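Below is one structure, written out as structure tokens; the observations come after it.
Each reported figure results from applying straightforward, stated rules to the coordinates on display, with no laboratory input. Keep in mind it's a predicted model, so treat the numbers as computed, not measured. Cβ coordinates were reconstructed from backbone atoms using ideal geometry, including for glycine residues, and neighbour counts include every protein chain displayed.
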Amino acid sequence: MLPRALRTASRFFTAWLLVGFTILAHPLLAADPAEEPPNVVLLFVDDLGYADVGCFGGDSDLTPNLDQMAREGRRFTDFVVSSPVCSASRAALMTGCIHERIGIFGALGPQSKIGINDGETTMAELLKGRGYRTACIGKWHLGHHPQFLPTRHGFDSYFGLPYSNDMWPFHPDVVNLPPDAPQRRNGFPPLPLFENETVVDADVTAEDQVSLTEQYTQRAEAFLEASAGKGPFFLYVPYTMVHVPLFAGKPFQGTSPRGPFGDVLREVDASVGRILQKLKDLHVDDNTLVFFTSDNGPWLSYGSHAGSAGVFREGKGTCWEGGMRVPLIARWPRQIPADTTCDRLASTIDLFPTIATLTGTQVPNLPIDGKPLGSLLSGDANGPSPHTSLPYYFLNNELHAVRTERWKLVLPHRYRSLQGRQGRDDGMPIAYDTLEAPLSLFDLEQDPSETTNCIADYPEVAQLLQEEAARWRSALGDSLTKTSGSQRRAAGQLVAP
């Protein structure tokens, strides 16, 4: 008999070979050109942790509508983002590409002069070409200049904030400073609210933010009412919450034992419930595919104003599982079996090609990294992951880890951590410590919290993942090893009027 490590490596290779055959054997049900393709609703929350939703280990009193959505659909328990930071994560969601491939890193701010490139195909452009009505309602964060706005990238209409709600003059870094402090003058400008390409509120206030989630919900309901029965539609709702600063609508303020975080989570959950109910009221529920997920894990330095990653290590801004793993709920009564769970590795980049398959559209000619979810979405939830491996990239083109379904190789890098310290209760962050991560191998099936480095026990697995890391470096680069990457594409650059 082979030694344990070699047996593990052999199973590793066998799983890779089976992936392609399984996807072919259990394809998604592609749209019949003679029939109307499904409507698509994509609900995307900001900084929601894996364990903030009741059916993922959170407080069910705060998320009854999401828990009901899971009972009517399928939960994905090993679902990851491309990046644990806002803009990069959203770029991957919209294009099906690892964010490094398309040049969007970190979180774009008011001073950014880049955004999503005109040469990229967004999910909205994909569906608009199929005859879909499209709307984006919420936080865009892929460029705030006109050439980067949603209306230039496939959306018929847009209402919301162009970037995060803390990018304003009351950012925690300066909020307690005197009004004439130099840091304030060099800080963020007033926060704008857009309707299509027009700024309809040039100085969003705290009171304005109190009503923001309600405005998003009302706009979403109105779009559904205007679209139902008039052909397929795509509604994208990237909520501003639960990103700090936290603002709940007045009916939700003070209603949760978890304080402001629980209040805003309860309002987001209620919004989801209203959107799902509207689909039922309009009799389009059975043919509407709804996804609910998050852009990254919780921003732990904000203490009680942050969410929870549950058993997973660290949070937003790190490539540990607490930063990368998020909840996904998929619901489509016509196709997805109710009250089911998939624990296979999948990613936000997979939603793009999955939707393309289901709607009978063609993915762009440019390379993408996402794979159709196949039976994992609507059939056998126990099939293999469509991915042989996934890279975990952080800021500045740093490759921090490579994952397979079971294994995770963490590459040497620096990361931020609170080292178990608890944050404050007043919405102000505490400082992180900077730590060094050594080369490590984790068995995520046995050790989801990434506590035990087992690289000495499985050197062959580590070697295989090192080879996968080299493959990703060759394609997308890695500044830690000074590798440029041959397949990277540039972000869009601001063109002066």
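Here are some notes:
- Amide H partners (placed H, <5 Å) of residue 116, local residues excluded: 492
- Highest average packing first - 263-272, 194-203, Cβ atoms within 10 Å: 263-272, 194-203
- Taking all Cα pairs closer than 8 Å and separated by 6 or more residues, the relative contact order of the stretch 194-338 comes to 18 percent.
- When 94, 123 are sorted by how many other C-beta atoms sit within 10 angstrom of their C-beta, beginning with the fewest, the order is 123, 94.
- Surrounding net charge for residue 39, when Lys and Arg each add one and Asp and Glu each subtract one, Cβ distance under 15 Å: 0
- Extension gain, residue 433 to residue 173, is 91.9 nm, computed as 0.36 nm per intervening residue step minus the present C-alpha separation.
- Highest-first arrangement of 137-143, 401-407, where packing means the average Cβ count within 10 Å: 137-143, 401-407
- Over the chain: helical MRE at 222 nm, DSSP H runs n ≥ 4 each giving -39500 (n - 2.57), nearest 500: -8000 deg cm²/dmol
- Using the Cβ of residue 432 as centre and a radius below 13 Å, the other residues enclosed give a net charge of +2, where K and R count +1 and D and E count -1.
- Using C-alpha pairs under 8 Å with a sequence gap of at least 6, the mean separation divided by the residue count of the stretch 38-378 gives a relative contact order of 32 percent.
- Under 19 Å from residue 482, Cα to Cα: aspartates and glutamates that are on another chain or at least 8 residues apart: 100, 398, 436, 467, 468
- Taking other residues whose beta carbon is less than 14 angstrom from the beta carbon of residue 125, and scoring Lys, Arg as +1 and Asp, Glu as -1, yields +1.
- Distance between modelled label sites at residue 481 and residue 225, nm, 7 Å Cα→Cβ extension: 5.6 nm
- Only the Cβ atoms of Lys and Arg (+1) and of Asp and Glu (-1) were treated as charged; on that basis the dipole of the stretch 231-314 about its Cα centre amounts to roughly 180 debye.
- Of the residues 429, 475, 440, the one whose Cα sits farthest towards the positive end of the charge dipole of the stretch 390-493 is 475 (charges of +1 on Lys and Arg Cβ, -1 on Asp and Glu Cβ, taken about the Cα centre).
- Between the listed residues 308, 169, 342, the Cα displaced farthest toward the positive end of the dipole of the chain, a dipole computed from Cβ unit charges relative to the Cα centre, is found at 342.
- The simple Förster model, with R0 at 41 Å and r as the Cβ-Cβ distance, assigns residue 280 and residue 304 a FRET efficiency of 0.70.
- Label positions at residue 396 and residue 343, each projected 7 Å from the Cα along the C-beta direction, are separated by 3.8 nm.
- Ranked packing of 218-230, 366-378, 104-116, most packed first, by mean Cβ within 10 Å: 366-378, 104-116, 218-230
- Amide H contacts of residue 401 (H built 1.01 Å from N, under 5 Å, at least 5 apart or other chain): 392, 411
- Summarising the strand pairing of the stretch 38-378, around 35 percent of its internal DSSP beta bridges are antiparallel.
- Placing +1 on the Cβ of every Lys and Arg and -1 on the Cβ of every Asp and Glu, with nothing else charged, gives the chain a dipole about its Cα centre of roughly 960 debye.
- Spatially proximal lysines relative to residue 278 (Cα-Cα < 28 Å; intrachain offsets below 8 disregarded): 128, 139, 230, 250
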